[in-house]
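Each value in this text was obtained by applying a stated rule to the coordinates, not by laboratory testing. Every value quoted in this text rests on a predicted model; they were computed, and no experiment measured them. Counting neighbours? That spans all protein chains shown, and the Cβs are built from the backbone with ideal geometry, glycine included.
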Amino acid sequence: MKVKDLVLIGILSATITAGKLALSFIPNIEIVTLLFITYTLVFGYRKSLFISLIFTTTEIFIYGFNTWLLGYYLIWPLLILSTALMKRLIKSEYGYAILGALFGYAFGFFFALVESLFYGIAYGWAYWLRGLLFDLIHGTSNFIIILTLLNPLKKLLFKLKRVYYNES
């Protein structure tokens, strides 16, 4: 990997952390999903997987270590790989907005599965039910944010990528 790639991965990881922190006062409204989808489309899944690894590891230093961390190490790469696989099928921002919405709606269920591994099925079930309203907010806000910001952000990042990597 080139030094330029390492610097880029570091900067993009920092933008995801900063974006998450900037919106952390609003429950389940986030731009992390938007950024991972956009970074995957612009920079590819390999760089995006490194970004997710750094982002999740940084979360340990901010919030401490807990069971949710295992979910983060699994769910963000899952989003990145889903985006990369769907890239040929999805032709508009609406498709990615739907992907982000489904991801947000399923977020709590996925974490309930992870929690079930540690605390049992009953706990996982209660965890998921308790968070359904938050999942509804998460998925709906992902849809709106991705629909609104994906194309302008993608256009900007492709332009910056051409300049940064001296591509025509």
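Yes or no: the range 121-135 includes at least one residue that is under 24 Å from Leu21 (Cβ atoms), buried (at least 21 other Cβ atoms within 10 Å of the Cβ) and in contact with a helix residue (DSSP H, G or I) (Cβ under 6 Å, 6 or more places away or on another chain).
Checked against the condition, which is being under 24 Å from Leu21 (Cβ atoms), buried (at least 21 other Cβ atoms within 10 Å of the Cβ) and in contact with a helix residue (DSSP H, G or I) (Cβ under 6 Å, 6 or more places away or on another chain), the range 121-135 yields no hits at all.
Can you name the residue in the range 93-108 that is touching a Leu at 6+ places or on another chain (Cβ under 8 Å) and free of Cβ contacts under 8 Å to residues at least 60 places away in the same chain and is also surrounded by the most Cβ atoms within 10 Å (Cβ to Cβ) among such residues?
In this case the residue turns out to be Tyr96.
Return the pair list, or none, for Cβ contacts closer than 6 Å from residues in the range 143-168 that are touching a residue at least 60 places away in the same chain (Cβ under 8 Å) to residues that are aromatic (Phe, Trp, Tyr), at least 6 apart or on different chains.
Close Cβ pairs (under 6 Å, with a partner that is aromatic (Phe, Trp, Tyr)) amount to Ile146/Tyr96; Leu150/Tyr96.
Which residue, of Tyr105, Tyr119, Tyr127, is touching a His at 6+ places or on another chain (Cβ under 8 Å) and of a type in the set (Phe, Trp, Tyr)? Lay out the reasoning, then the answer.
On the way: Tyr119 fails: touching a His at 6+ places or on another chain (Cβ under 8 Å); Tyr127 fails: touching a His at 6+ places or on another chain (Cβ under 8 Å).
Answer to the selection: Tyr105.
Looking at the structure I just gave you, is Ile90 closer than 22 Å to Phe134 by Cα, surrounded by fewer than 20 Cβ atoms within 10 Å (Cβ to Cβ) and β-branched (Val, Ile, Thr)? Give the derivation first.
Values: closer than 22 Å to Phe134 by Cα: no; surrounded by fewer than 20 Cβ atoms within 10 Å (Cβ to Cβ): yes; β-branched (Val, Ile, Thr): yes.
Spelling it out, it is not the case that Ile90 is closer than 22 Å to Phe134 by Cα, surrounded by fewer than 20 Cβ atoms within 10 Å (Cβ to Cβ) and β-branched (Val, Ile, Thr).
Cβ-Cβ under 6 Å, sequence separation 6+ or interchain: first residue in the range 14-33 and free of Cβ contacts under 8 Å to residues at least 60 places away in the same chain and within 10 Å of Ser141 (Cβ to Cβ), partner part of a loop (DSSP other than H, G, I, E, B) and not charged (D, E, K, R). Which pairs?
Between residues of the range 14-33 that are free of Cβ contacts under 8 Å to residues at least 60 places away in the same chain and within 10 Å of Ser141 (Cβ to Cβ) and residues that are part of a loop (DSSP other than H, G, I, E, B) and not charged (D, E, K, R), the close pairs are Leu23/Ile29.
Condition (residue is in contact with a Gly (Cβ under 8 Å, 6 or more places away or on another chain) and of a type outside the set (A, V, I, L, M, F, W, C)) applied to the range 117-124: is it met by at least one residue?
No: zero hits.
All but one of (1) in contact with a helix residue (DSSP H, G or I) (Cβ under 7 Å, 6 or more places away or on another chain); (2) under 19 Å from Ala106 (Cβ atoms) hold for Phe55; which doesn't?
Here Phe55 clears every test but (2).
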